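The values are calculated or read from the model by the stated rules, or taken from the named source; none is laboratory data. Keep in mind that this is a model prediction, so the values were computed, not measured. Backbone-built Cβ (ideal geometry, glycine too); neighbour counts: all protein chains shown. These accessible areas exclude ligands, DNA and RNA; they are computed on the full protein's heavy atoms, side chains included. Shrake-Rupley method; radii C 1.70, N 1.55, O 1.52, S 1.80 Å.
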Amino acid sequence: MSTQLHANLTEEQVQQISDELDEPEWLLETRLDALAALDDLDMPDVITTPGPRNWTNLVDLDYETLVDPLEFAQEKDRVEAEGADVLAWDEALAEHGDLIEEHFGSVVDPQRDFLTALSTALFSAGTLVYVPEGVAAEDVKIRTTMNSRSLFNYTLVVAEESASATILERQTTGTNIDGDQYYSGVVEVVADENASVQYGALQNLAEDTYNFSVKRGHADDHATVDWIEGNIGSRLTKSSVETRLLGEGSESQIVGAFFGHDDQHFDINSRVWHENEHTTADLVTRGVLDDEARSVYEGVQDVGREAWDTSSYQRENTLMLSEDAEADASPKLIINNHDTEASHSATVGQVDAEELFYMTSRGVDEKRAKDMLVEGFFVPVFEEVAVDELREDLDELVVERLRE
């Protein structure tokens, strides 16, 4: 393990963070265990494509400069829905301590890799979304503005039996930060029997930010966990969005969109595990790259031995606006049950010359014609977004990027 953090990353700092959030002893011990494990943990796996080529370098980032454990200035705006609790971490622990103890770390292993363990030890911005049995919680919102060099965020969503929730998470950067920054976000979603969660995330951090995120859900019998993720900001994004379909008849959709320019880099991973019968998954990602931006995508559909009558589909498309941009995609099928309908596809290509010629020959100037084709390229993603604010904001950010 070649990555080293500065020597003053100490147990005392972790204790101070935990004390400020008034955490119980079990959670402090979880943090300290994660801190102690750092020396033995590897970086998250990066996507390797034929060559072989490792597209993303996490090891050589200057974490000593990027991470300041006790500086975590932020603005947090939480909007709850009737019947559900959307609580800051200290309030959540006071009101639902047993619930948090049951589920914290049950979906995302606190020590699954170096960066996740670092986030477990240092997270200071925590939120619980608790949706009791039978409650329909619409338009829950969690908006985070990062006002410090580093920020570690954690969100736990628990939807009990027959509950439902649509959630919008946003990350932006304040105006008073100079230099490189580091943002880390971990999201755990628990969907009990017949529950439904759609979690939309829109990342528009400053473009000198290194962004690491893990979002993972567990779906019980006939439950649904859907993800929608938009990545517009950051210098480098390493994102994993995952669902385990544990219950019979459970479902998941993972929808992604990214738009890179300048020298932005996106490492996007989508994964679903089919672990029971009659499960369904649909993975859809669309990205656009301009200038010298780079992206690499890996989508994995893993069908287990007990996953009879599985349906699993995956599509990834990247549109290149520049000859200097780079993209690759690595869709994978792992099938251990013959009673499966599954497919995957991936394309990387330039703007269609015939479509562009058709539009310019009818009086549309070339720049406007390209912009219209890009906006149309994202339409299949926008159509899957149930959260109006997320769809409208993502569309607006795409248009703004085209005007630059």
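Tell me which residues come under 5 Å, amide H to amide H, from Ala206 once H is placed; ignore anything under 5 positions away on its chain. HN-HN under 5 Å from Ala206: Thr173, Ser234. Here Asn147 and Glu207 are evaluated by their C-beta separation; at R0 = 25 Å the FRET efficiency comes out at 0.90. In the chain, the portion of solvent-accessible area held by carbon and sulfur atoms comes to 41 percent [1.4 Å probe, whole percent, DNA, RNA and ligands not counted]. Among Asn276, Thr360, Leu35, whose Cα sits farthest toward the positive end of the charge dipole of the chain (+1 at Cβ of Lys/Arg, -1 at Cβ of Asp/Glu, about the Cα centre)? Toward the positive end, the furthest listed residue is Thr360. Gyration tensor analysis over the Cα atoms of segment 261-304 returns equivalent ellipsoid semi-axes of 31, 9, 5 Å (largest first, whole Å). Over segment 304-400, accessible surface divided per residue gives 57 Å², non-protein components excluded, 1.4 Å probe.
Using the structure shown, select from Lys238/Lys332; Lys76/Lys215; Lys141/Lys370; Lys76/Lys370; Lys215/Lys332 the pairs with a Cα to Cα distance greater than 27 angstrom.
Working: Lys238/Lys332 19 Å; Lys76/Lys215 19 Å; Lys141/Lys370 33 Å; Lys76/Lys370 37 Å; Lys215/Lys332 19 Å.
Over 27 Å apart, Cα to Cα: Lys141/Lys370; Lys76/Lys370.
Which residues make up the longest stretch of the chain that has no trypsin sites (Lys or Arg not before Pro) in a DSSP loop with at most 14 other Cβ atoms within 10 Å?
Values: sites that count: Arg305, Arg362.
The answer is 1-304.
Once both labels are positioned 7 Å from their Cα atoms along Cα-to-Cβ, the gap between Arg401 and Ala88 label points is 3.3 nm. Over all other residues within a Cβ to Cβ distance under 10 Å of Arg149, the charged ones net out to -4, with Lys and Arg as +1 and Asp and Glu as -1. Estimated at 0.36 nm per residue, the fully extended path between Glu383 and Ser106 surpasses their Cα-Cα distance by 96.5 nm. For segment 71-141, the equivalent ellipsoid derived from the Cα gyration tensor has semi-axes of 23, 16, 11 Å, listed largest first. In units of the compact-protein estimate 2.2 N^0.38 Å, the chain shows a Cα radius of gyration of 0.97. The ellipsoid that matches the Cα gyration tensor of segment 13-93 has semi-axes, each √(5λ) in whole angstrom, of 32, 20, 14, with the longest given first.
Between Asp98 and Ile177, the simple spin-label model (points 7 angstrom out along Cα→Cβ) gives 3.8 nm.
Using the Cβ-Cβ distance between Thr49 and Glu306 with R0 set to 35 Å, the FRET efficiency works out to roughly 0.65. The overall shape of segment 338-404 is oblate: from the C-alpha gyration tensor, with semi-axes ordered a ≥ b ≥ c, the ratio a/c is 1.5 or greater and a/b is no larger than b/c.
For Ala201, the residues 5 or more places off, or on other chains, whose built amide H falls under 5 Å of its own are Glu169, Ile228, Glu229, Gly230.
Its relative contact order, with pairs defined as Cα atoms under 8 Å and 6+ residues apart, puts segment 33-116 at 45 percent. log₁₀ I(q)/I(0) of segment 37-192 at q = 0.16 Å⁻¹, via Debye over equal Cα point scatterers, no solvent, to two decimals? For segment 37-192 at q = 0.16 Å⁻¹, log10 I(q)/I(0) is -0.97. The stretch between Glu392 and Ala37, if pulled fully straight at 0.36 nm per residue, gains 123.6 nm over its current Cα-Cα span. Distance between the 7 Å Cα→Cβ label points at Tyr313 and Gln350: 3.1 nm. The calculated FRET efficiency for Gln13 paired with Asp324, based on their beta-carbon distance and R0 = 51 Å, is about 0.75. Residues of segment 256-290 falling in the label zone of Asp60, defined by backbone nitrogen less than 19 Å from a point 7 Å along Cα to beta-carbon, are 263-267.
So in the chain, what percent of DSSP beta bridges are antiparallel if you round to the nearest 5?
Numbers: 12 of 145 bridges.
That works out to approximately 10 percent antiparallel.
If you take all other residues with their beta carbon under 9 Å from the beta carbon of Ser234, and give Lys and Arg +1 and Asp and Glu -1, the sum is -1. Of all GluC sites (Glu not before Pro) in segment 55-106, which ones are in loop regions per DSSP and have a Cβ with at most 13 other Cβ atoms within 10 Å? Hits after loop and neighbour filter: Glu71, Glu82.
Pairwise alpha-carbon distances in segment 277-404 exceed 17 Å for 66% of all pairs.
Sequence-distant or interchain residues sharing an amide H contact under 5 Å with Tyr182, placed H: which? Hits under the 5 Å cutoff: Ser150, Leu151, Tyr210.
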